[in-house]
Amino acid sequence: MDKYKGKYIVFGVFLFSIIIYGLFMVPHFSHDSYFIHGNLYEHIIQSSTLGRPLMSILTFIFMKLNYDLISNQVVLTAVSTFIHALAVYILYRTCKDITQNKLLLLVGCYFVVFNLYAVEMYYFSFMLPFTSIAVILLVLAARLCADLSIQNFIVSVLLVSSSLLLYQGWGALYIPLSFLLLFLSTQGKITRQSLFSTFKIVMVYLLASIINLIYMKIIHPLIYERVSARTGESVNIIANIKTIGDSIDDMFVTSFNILPKHLYLLILVSLVIILIILNVRKTISLLVYFGVIISLIVMSLIPHVITSTVWIVPRSIMGLGALPGMLIIMLCISRVDLKFKLERILKLLAVFFIILYSVNINKLASDTLKTNAIDREIALVIHSYIEKYEKETSQVVTKIAVRNDNNPTWCYEGIKCYGDYNTRSLVTFAAPKLINYYTQGNYLLVDYDESMDSGEEKKDWNVFSEEQIKIVGDTAFVTMY
């Protein structure tokens, strides 16, 4: 009898994840959260613009039900985590019969779904419910890869299309995961049928991608006038490839500052070396495994080659974050029963990775709360200056203009940050919304009148001071350090 029953696995994974991601259940804000708070319509338009109409539709439903995605983070994060746990179990159940190393296999499945770069979705909490559905749809589609009959082929196209129309970031996982599960279903043999199934897997993703492209290029412009900079007409493939090359250090060495420098690369190299040792006499298996690894890397990066604007951050390359999990699954199936010493080494590596992963995820979450607290403190200081002005002049301030100084501070000292996560929202487009939120104000955003400088250049401040706010008439002009 299987020791790891389904319901216990799901709830075990769920509770384990709550321990790791629990701090993200505390209400928190990203700059996007401030921007759309109280105005989900902006999120609806933006999601559609980026080719995510299903996210737009679900957000619209939430809006009509008066269910705020920002204020209800605790419930939505818990539900999303449970959906992730279900995805882990579905993947585990698909693989469990071909290995005796079931606990290690479960760890691998866990880090495919709850992977290193998917953590950013917990930061953007209002998107998490939708991306959790996207990943479970992909896992369900990948399960059908061994039997892509006409019916299953159509179902797979629908599942993958739905996933992409919710959030494209998980799309990179479908082809490599399907390749791996197909190889498992043939017990490590390459046959004419498996080659034909491989072709059909590629066709599933190609058709789903075409559907997504049709929406972005044809259907969306008929609904909304706004067009995303990422899907514009001008695409410079050479420049995009160079940008990707410049980001290799972030992707594999610094891991976007999520883990200590070099640690992610060290873990990947260690797992690859063990994989080679286990398959040194199995050329075909080794070629397939490296094919899966390469396809995962290519599928994660290829969207950035053909886009108008390259923005490589964890959530845009979540496939790469699944590499450790995929490698662990490959190691579990490389031998029906791992040699004792190698099994111990793998388990030690897994425990080591889990501990470091947990510590750093909690550090990210706690730093998010700290950043929000400091942003709030500065917003209240600005409000106090405005109140003082209103009291002294009897002039009500109704407008606010915000700009940055010559060298804005993007991250508070001691805070773990990169790209979008844990950046100071006060130096982003969300600053006015942030100030309104914490001060309960309703300031109207206006452009900063540069003539307010009286010919002086902007300074470079390191802390917020009174000289950074000037109030004229009914308008407050604020310069952020």
On average over all directions, what projected area in square nanometres does the chain have, based on the convex hull of its Cα atoms? 25.1
Potential extension, Leu369-Asn72 segment - 0.36 nm per residue separation minus Cα distance: 105.3 nm
I'd like the chymotrypsin sites (Phe, Trp or Tyr not before Pro) in the stretch 134-173 restricted to DSSP loop residues with at most 10 other Cβ atoms within 10 Å, sorted by number. none
Angle, helix 340-393 long axis vs. longest principal axis of the chain, Cα atoms, 0 to 90°, nearest 10? 10
Between Ile18 and Glu387, what FRET efficiency comes out of the Förster formula 1/(1 + (r/R0)^6) with R0 = 60 Å and r the beta carbon distance, rounded to 0.05? 0.90
Chymotrypsin sites (Phe, Trp or Tyr not before Pro) within the stretch 8-110, DSSP loop, no more than 14 other Cβ atoms inside 10 Å: Tyr67
Suppose R0 equals 35 Å; then what is the FRET efficiency for Gln395 and Lys242 from their Cβ-Cβ distance, rounded to the nearest 0.05? 0.10
Suppose each label sits 7 Å from its Cα in the direction of the beta carbon; what would the Val235-Arg93 distance come out to in nanometres? 3.8
Suppose a student asked you for the relative contact order of the stretch 405-481, using Cα pairs under 8 Å spaced at least 6 residues apart; what percent would you report? 36
Given trypsin sites (Lys or Arg not before Pro), DSSP loops and at most 12 other Cβ atoms within 10 Å, the longest exposed-site-free stretch of the chain is 6-188
If the viscosity is 1.002 mPa s and the temperature 20 °C, what Stokes-Einstein diffusion coefficient in µm²/s follows for the stretch 366-480 when Rh is the Kirkwood radius over Cα pairs? 146
Give the relative contact order (percent, whole number) for the chain; include only Cα pairs under 8 Å separated by 6+ residues. 18
Could you pull out the pairs from Lys370/Lys470; Lys7/Lys370; Lys102/Lys242; Lys370/Lys399 whose alpha carbons sit more than 31 Å apart here? Lys7/Lys370; Lys102/Lys242
Compute the Rg to Rh ratio over the stretch 92-246 from the alpha carbon atoms, using the Kirkwood formula for Rh, and round to two decimal places. 1.01
For Ser358 and Leu213, compute 0.36 nm times the residue count separating them, minus their Cα-Cα distance, and round to one decimal in nm. 48.5 nm
Pairs beyond 25 Å (Cα-Cα), from Lys391/Lys459; Lys64/Lys433; Lys64/Lys217: Lys391/Lys459; Lys64/Lys217
Lys459 and Ile61 label points (each 7 Å along its Cα→Cβ direction) are spaced in nm at 5.4
Multiply the residue gap between Val351 and Asp447 by 0.36 nm, knock off their C-alpha separation, and tell me the result in nm, one decimal place. 29.3 nm
Helix-only [θ]222 nm of the chain, DSSP H runs n ≥ 4, -39500 (n - 2.57) each, per residue, nearest 500: -19000 deg cm²/dmol
Along Cα→Cβ, 7 Å out, is where each label goes; now give me the distance between the ones at His262 and Phe290 in nm to one decimal. 2.6
Please give the FRET efficiency for Lys282 paired with Gln193, using the beta carbon to beta carbon distance and R0 = 25 Å, rounded to the nearest 0.05. 0.75
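Rule-based calculations on the coordinates, nothing more; no lab input. This one's a predicted model, so the numbers in the text were calculated from it and none came from an experiment. Positions of Cβ are backbone-derived with ideal geometry, glycine not excepted, and every protein chain shown enters the neighbour counts.
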